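Chemist: Take a look at the following structure, please.
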Amino acid sequence: MRKQIAAANWKMNCTFQEGEKLLDDILGAEIELANHQLAIFAVPYPYLLMTRSEVEEEQNYYVASQNCHHKKSGAYTGEVSAAMLHSMNVNYCVVGHSERREYNGETNAMLAEKVNLCFENFITPIFCCGEPLNIREAGTQNDYVAAQLKESLFHLPADKVKNIVIAYEPIWAIGTGKTASTEQAQEIHQYLRSVIAGQYGEEVANEIPILYGGSVKANNAKELFSCADVDGGLVGGASLVAGDFIEIIKALK
Ligand code: 13P
């Protein structure tokens with residue numbers, strides 16, 4: 001079975017102590033993950049080591065960075081490189097979250113560089129795509145997300161791209177409490193998989209987990225994850241409440 005993933009994105013929330021407690025509470029639930037199930041915590045940079053040591057002993061629990069820089073190294077004050085993350089044993093990195101695209105001017109071309117640097121450093125990118133509301137209203141979301149994949153991923157060889165995780169996050173559903181319907185989620189996830197299949201073939205496309213993000217909650221996770229092409233979620237708000245994220249992990253297929 002394809003990997004099924006519950007990924008928490010804390011964004012810029014929680015003090016260090018709150019983060020430690022949140023992890024303790026979630027891990028305290030002792031949810032045993034099956035071989036194909038993963039729980040990943042994308043935490044702020046200063047919490048990476050603490051989170052890594054919290055999850056180290058747990059089967060299929062991982063830490064992720066929320067970003068990395070698109071250059072290898074050098075005079076980029078305040079930035080963090082993929083090589084630095086690798087040197088801290090961080091194995092996942094969120095790349096191209098819509099908030100970074102919007103507030104930090106990240107382009108598809110820059111994200112292609114980040115994805116390359118992640119792979120060079122043995123880090124699995126959790127590559128985010130998704131359309132804004134005006135694109136959804138115009139009905140051109142498929143073309144929009146396909147261009148995001150093409151411009152940031154399709155330079156990669158199949159043996160690299162098959163290791164990626166994709167997160168489809170419609171911007172109109174992020175932090176709004178407005179979730180895509182299961183029909184909308186399944187339809188675009190299936191479309192994304194078909195775009196990947198068109199470039200790399202069915203076998204590769206069938207291996208790539210495609211997560212849904214955008215107001216995933218304890219009470220809608222099971223329904224969303226039940227869609228054939230939805231392989232878990234990338235969760236913001238609800239990942240900050242231990243009881244809610246526990247339910248979301250338990251909702252994995
Ligand atoms: P919410 O779950 O708060 O809508 O955030 C989704 C998200 O952006 C996860 O990366």
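Chemist: Estimate the FRET efficiency between Q59 and K222 by the formula 1/(1 + (r/R0)^6), using the beta-carbon distance for r and 25 Å for R0, to the nearest 0.05.
Modeler: 0.65
Chemist: Note down the accessible area of C227, probe 1.4 Å, to the nearest 10 Å².
Modeler: 10
Chemist: Scan the chain and hand back the longest stretch that contains none of the GluC sites (Glu not before Pro) lying in DSSP loops with at most 12 other Cβ atoms within 10 Å.
Modeler: 58-253
Chemist: Now for a separate question. Please label the shape of segment 180-253 as rounded, prolate or oblate, based on the square roots a ≥ b ≥ c of the eigenvalues of the alpha-carbon gyration tensor (a/c under 1.5 means rounded; beyond that, a/b larger than b/c means prolate, else oblate).
Modeler: Taking the square roots of the gyration eigenvalues as a ≥ b ≥ c, segment 180-253 is prolate.
Chemist: Classify segment 53-100 as rounded, prolate or oblate from the Cα gyration tensor: take a ≥ b ≥ c as the square roots of its eigenvalues, call it rounded if a/c is under 1.5, otherwise prolate when a/b beats b/c and oblate if not.
Modeler: Because a/c hits 1.5 or more and a/b fails to exceed b/c, segment 53-100 counts as oblate.
Chemist: Post the alpha-carbon centroid distance, segment 172-237 to segment 68-99, in whole angstrom.
Modeler: Here the two parts' Cα centres lie 25 Å apart.
Chemist: Still on this model: Could you put M12, M110, M84 in order of accessible surface area, largest first, with the 1.4 Å probe and the full protein assembly present?
Modeler: The residues order as M12, M84, M110, largest area first.
Chemist: Where Lys and Arg each count +1 and Asp and Glu each count -1, what net charge lies around N60 among other residues with Cβ under 15 Å from its Cβ?
Modeler: Here the charged neighbours net out to -2.
Chemist: How much area per residue is accessible in the chain when the probe is 1.4 Å and only protein heavy atoms are counted (Å²)?
Modeler: The answer is 44 Å² per residue.
Chemist: Then there is this: Keeping to pairs on different chains or 8 or more places apart, tell me how many lysine pairs in the chain have Cα atoms under 17 Å apart.
Modeler: Lysine pairs meeting the criterion: 20.
Chemist: Solvent-accessible area of L240, probe 1.4 Å, all protein chains present, reported in Å² to the nearest ten, please.
Modeler: About 60 Å², ignoring ligands and nucleic acids.
Chemist: Follow-up. In a shell of Cβ-Cβ distance under 13 Å around S181, excluding S181 itself, what net charge do Lys and Arg (+1) and Asp and Glu (-1) give?
Modeler: Here the count lands on -1.
Chemist: Ok, one more. Within segment 1-88, list the chymotrypsin sites (Phe, Trp or Tyr not before Pro) lying in a DSSP loop whose Cβ has at most 13 other Cβ atoms in a 10 Å radius.
Modeler: Within segment 1-88, the qualifying chymotrypsin sites (Phe, Trp or Tyr not before Pro) (loop, at most 13 other Cβ atoms within 10 Å) are Y76.
Chemist: A further question follows. Ignoring any ligand, DNA or RNA, what whole percent of the accessible area of segment 105-253 comes from carbon and sulfur when the probe is 1.4 angstrom?
Modeler: After summing per-atom areas, the C and S share lands at 51 percent.
Chemist: Binned at 5 Å from 0, what are the whole-percent values of the Cα-Cα distance distribution for the chain, short to long?
Modeler: Per 5 Å bin, starting at zero, the Cα-Cα P(r) for the chain comes out as 1, 6, 15, 19, 21, 18, 12, 6, 1, 0 percent.
The values are calculated or read from the model by the stated rules, or taken from the named source; none is laboratory data. This is a predicted model, so every value here is computed, not measured. With ideal geometry, Cβ positions are generated from the backbone for all residues, glycine too; neighbour counts draw on all protein chains shown. Just the protein is used for accessible areas: all its heavy atoms, side chains included, with ligands, DNA and RNA removed. Shrake-Rupley method; radii C 1.70, N 1.55, O 1.52, S 1.80 Å.
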